[in-house]
Amino acid sequence: MLKTGLFVLTTAAIAVLSGCASPSPSAQGSAQSIQVASAAPLSYQGYDKILQTYVNAQGFVDYQGLQADPQPLKDVVAQIGAVAPTTYASWSEADKIAFLINAYNAITLESIINQKPLKKSIKDIFGVWNFAKHTVAGETKTLDDIEHKTLRKNFNEPRIHAALVCAALSCPPLRREPYVGAKLNEQLDDQVRQWLSNERGLKIDRAQNQVAISSIFKWFGDDWKKSYGIADQFAGKPTERAVLNFISRYVSPEDRSYLAQRRYKLQYLNYDWSLNRQ
């Protein structure tokens, strides 16, 4: 009797520790679905349709068209805000970076079309980067928070600067698809190549022995030092050598050889803040 009672008590205790009782098959299925959903990356189907509809091959945006039908974009931004912090925390690093880039770009699009009439430049919107607040994965953030206090602070990934688009002509082109963790590395590499193939990102003038690069590399040059710092190649200060080392990986062999020789003057391109509109 004592042994039987002890067995029952022990079994009951185990049951309590493991959730009181074994769930029914249907309940087990529900629990498994919840666990899978909490770890799954966000679906960007709606955002993908927006980008395909309103962004052209050059990365410019039909803001008037988007402004005429804003609800799908507002739904995307709401979806970004509704992600639970625990869900975000469960994602891989690649899924987190992709999510934050998409959040930054979608919120920027919404910030632009919220202005009636449209502004000529995002800089004409008061507090757009550091005052206006948005919900991202259950937390209140500004655009600056997303870029500087989360992406740049928590991840060693300088390629984000080719993907974050601040709605200006001198920004990298806005990609016509969302970033996703499963192919983030390939997307970021392709995005860097697109950016540097445009004279707003990189301009090499061999006749004048001049190399001009985006001012983004001047503003955030330190982000490249950790992974691309180099002492005996390329021109300029340590930060500039790191940037040129990075750039050389995305250009032709001829351009790579030219950049490594250091026989040129390094300059920064003027930044055109005009709206990147079609």
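The values are calculated or read from the model by the stated rules, or taken from the named source; none is laboratory data. Small disclaimer: the values here were computed from a predicted structure and weren't measured. When we count neighbours, we look across all protein chains shown, and the Cβ atoms used for this are built from the backbone with ideal geometry, even at glycine.
Here are the numbers:
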item	result
Test set (1) of a type outside the set (Val, Ile, Thr); (2) touching a helix residue (DSSP H, G or I) at 6+ places or on another chain (Cβ under 8 Å); (3) in a helix (DSSP H, G or I) - residue 172 fails condition number	(3)
Residues satisfying the stated conditions in the stretch 45-99, i.e. outside any helix (DSSP H, G or I), within 20 Å of residue 172 (Cβ to Cβ) and either within 15 Å of the chain's Cα centre (by Cα) or of a type outside the set (A, V, I, L, M, F, W, C) (or both)	56, 58, 59, 62
Matching residues in the stretch 95-125 - criterion: being surrounded by fewer than 20 Cβ atoms within 10 Å (Cβ to Cβ) and within 23 Å of residue 41 (Cα to Cα)	110
Subset of the stretch 239-278 [basic (Lys, Arg) and outside any loop (DSSP other than H, G, I, E, B)]	241, 256, 265, 277
Conditions (1) part of a helix (DSSP H, G or I); (2) surrounded by fewer than 18 Cβ atoms within 10 Å (Cβ to Cβ): number failed by residue 203	(1)
Residue within the stretch 191-213 that is farther than 29 Å from residue 122 by Cα, touching a residue at least 60 places away in the same chain (Cβ under 8 Å) and within 25 Å of the chain's Cα centre (by Cα) present	no
Qualifying residue in the stretch 144-158 (condition: assigned by TED's automatic domain parsing to the domain that holds residue 192, more than 25 Å from residue 228 (Cβ to Cβ), touching a helix residue (DSSP H, G or I) at 6+ places or on another chain (Cβ under 6 Å) and not acidic (Asp, Glu))	no
Tally, over the stretch 51-79, of residues that are surrounded by 17 or more Cβ atoms within 10 Å (Cβ to Cβ) and under 15 Å from residue 111 (Cα atoms)	7
Residue check, residue 222 among the charged types (D, E, K, R) and either assigned to a helix (DSSP H, G or I) or assigned by TED's automatic domain parsing to the domain that holds residue 162 (or both)	yes
Filter result for the condition that a residue is farther than 30 Å from residue 113 by Cα, modelled with pLDDT under 95 and not hydroxyl-bearing (Ser, Thr, Tyr), over 231, 212	231
Long-range neighbours under 6 Å by Cβ, at least six apart or interchain, first residue aliphatic (A, V, I, L, M) within the stretch 141-154, second not in a helix (DSSP H, G or I)	143/129
